[in-house]
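J.: Here it is, the structure in full.
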Amino acid sequence: MATYPCTAQSTKNKAKNILKSWSKLCQELIPIPAHASDDSQAAGISNMHDPHHETTQRPQLTEVHFNNVENIENIENINSITVPATPQPQASQRDDDSGSDWNDDPPLHTTFDFFDTNTEDNVNDMTEQAANNFTEESFETIDHHPDRSFVYTVHAIEEWVEDPSEEWCALSLDVLQEAKDFRSASVHLAAKGNLPDCRDLSLDFIFTMFVSSPDCFTGYLSQANRSLLEESIKPLKDEHWPDMSQSSLAAWCNKVTDVRYPTFKNILSLCTSFIQEALQSGNDDDLVASHIMTSLSPRLLRQTDSSLEDTFAHVYIDPIVDSLFSNPIFRQRWANQKLNASSSLKPDWVLYIKPRHTTHEVVTMEIKSPGKQNPAPPSDFVKMALEMKSMLLSMTNLKEMARTFGILVEGQTLRTFVMDNPSRHVFRLTELGSSSLITTLNQFGGFPLLIKQLIQIRDMALDTAKQLEAHDLAYAKGIGKRPLVSDDEVNSRRYTRQKRRSD
């Protein structure tokens, strides 16, 4: 058991800090006052007298058991905590050929005396020692890649450098401290192998915030704290969301799906009429949408081998991005070229600008055709996030205005993301939306959501592109500073393949 007797208020403050660390490793806190009833004792919570510290003014201690802690309340009423500790076996003790499951071993107990703690360093040492004694299956999420044939561990993990001036808050929530706690657990689990993507990215100080899945950094917060954080990013997610209430797009999509016997001629004729309507209305977004429909619809009349990634991208994605990002400021580049911001990363598609001599990459895209998956790390999601971070690091002159954008296509699902710097060393990856690609004519009912989602990311990227352009042109006129490249770099992935799962 790990027991922490608390006395003075200063010690209780230290206890509160260490409780936050414990909250990531345990499940539920049940605080019971010292005068609890017999029913409380039957529930596994007991009062006890500590004979070792008679001189202190604490005649009773309340013993509290952890199970799924999300937050800590009434810390003043907690005098001691007892937690079962299941240690990770040392490498020297592990027999790779034995096939034994170490997680089935009975728990071992470790005791740390919190009473004699005098310094914050001692508290941190205890936290680290306790964390090293734990394994916890609940840390895994649904994206922890259980189908991989090999176990991949992570090494050469960068330490978090403390900066007293650094902060990241969402209303009353200290998000920076939550991020540190989350990453600390990720560092501990890295040696276990096959980290979930959200924990893998936290090792690179990237913290994920999703709308379509709980498998992210925010999924490890309490509902109350998650609500605070989600409330703080609503303006970001609502930015440039298009109002298409006056658009004819929904009616056009219904007309396409209503064609009983589609042919190249009648589909092309129908979609061309949409372009004429958009030109007459003067709605630029409708014009882009109608042009995409005209380019995409005839392709959907023939059979396509979607398992081939290049074919999948050419048929279903190229018509969309080619029309959508047609602003003259943008340039597009498909695969087979590394990022200008990082020689170790090669996206499937990238959107960039080049006002004069400097290339600024703004949007990256990773594509995985239906039925395909990465047999080894990193996943396409992790790759996209690292590309976005590299691109963001090259925008140091924009400071807090810097943003990069990502598009992730996995099968028929398309998701859009934005990355920014809420704190100097922290990168926030926020999911803006999720929709389905259009691969058959009868799926055009979902096209309005898809196009709205992509128009949003286009307009947000255009804002960033214009800022980068203005900065470069000002420098060319002798105004402002030379475009800088950050000294920070995204580390190349540091995976080590271990034994097969079945060994």
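J.: If you take the beta carbon distance between Lys338 and Asp459 as r and set R0 to 35 Å, what does 1/(1 + (r/R0)^6) give as a FRET efficiency, to the nearest 0.05?
T.: Calculated value: 0.80.
J.: Only counting other Cβ atoms within 10 Å, I'd like Arg302, Arg415, Arg424 sorted with the fewest neighbours first.
T.: Arg302, Arg424, Arg415
J.: Let me make sure I get this right: for segment 163-293, a, b and c are the square roots of the gyration tensor eigenvalues over alpha carbons, sorted descending. Under 1.5 in a/c it's rounded, otherwise prolate if a/b > b/c, else oblate. Which is it?
T.: Prolate, since a/c reaches 1.5 and a/b exceeds b/c.
J.: Expressed in nm to one decimal, what extension gain is obtained for the pair Asp322 and Glu277 from 0.36 nm per residue of sequence separation less their Cα-Cα distance?
T.: The Asp322-Glu277 span can extend by a further 14.1 nm.
J.: Compactness ratio of segment 377-449: Cα Rg over 2.2 N^0.38 Å, N = residue count?
T.: Normalised Cα radius of gyration, segment 377-449: 1.33.
J.: Cross-link list Lys192/Lys346; Lys354/Lys452; Lys354/Lys477; Lys265/Lys368; Lys265/Lys452: which exceed 23 angstrom alpha carbon to alpha carbon?
T.: Beyond 23 Å: Lys192/Lys346; Lys354/Lys452; Lys265/Lys368; Lys265/Lys452.
J.: For segment 378-419, what are Rg and Dmax over the alpha carbons, in angstrom?
T.: 11.5, 37
J.: Go through segment 180-187 residue by residue and turn each phi into a ³J(HN,Hα) via Karplus (6.51, -1.76, 1.60, θ = phi - 60°); whole Hz please, and just put x for glycine and proline.
T.: Values, residue by residue: 5, 5, 4, 5, 4, 5, 5, 4 Hz.
J.: Considering amide H positions built from the backbone, and no H for Pro or chain starts, which residues 5 or more places from Thr413, or on another chain, come under 5 Å of its amide H?
T.: HN-HN under 5 Å from Thr413: Leu437.
J.: With Cβ to Cβ distances under 13 Å as the rule, what net charge do the other residues near Gln337 carry (K, R +1; D, E -1)?
T.: For residues surrounding Gln337, the net value is +1.
J.: I've got another one for you. Take the alpha carbon atoms of segment 218-253, find their center, do the same for segment 355-422, and report the distance between the two centers in whole angstrom.
T.: 20 Å
J.: For segment 350-359, just list the computed ³J(HN,Hα) in residue order, Karplus coefficients 6.51, -1.76 and 1.60, θ = phi - 60°, integers in Hz, with x standing in for Gly and Pro.
T.: Result, ordered by residue: 9, 10, 9, 10, 8, x, 9, 9, 9, 8 Hz.
J.: Name the long-range amide H neighbours of Cys169: under 5 Å, sequence gap of 5 or more, or other chain; modelled H, no Pro or chain starts.
T.: Counting only residues 5 or more places away or on other chains, the set is Val175.
J.: Can I ask one more? So what's the net charge close to Leu171: Lys and Arg +1, Asp and Glu -1, counting the other residues with Cβ under 15 Å from its Cβ?
T.: -3
J.: Looking at segment 306-394 from every direction and averaging, what is the projected area of its Cα convex hull in nm²?
T.: Computing the convex hull of the Cα atoms and averaging its projections yields 6.2 nm².
J.: Defining a contact as two alpha carbons under 8 Å apart and six or more residues distant in sequence, what relative contact order in percent does segment 371-451 show?
T.: Relative contact order comes out at 20 percent.
J.: How big is segment 212-363 along each principal axis, measuring the range of its Cα positions in Å and listing the largest first?
T.: 52, 42, 36
Rule-based calculations on the coordinates, nothing more; no lab input. Just so it is clear, the model here is predicted, and its values are computed rather than measured. Neighbour counts are summed over all protein chains in view; Cβ atoms, including those assigned to glycine, are modelled from backbone coordinates with ideal geometry.
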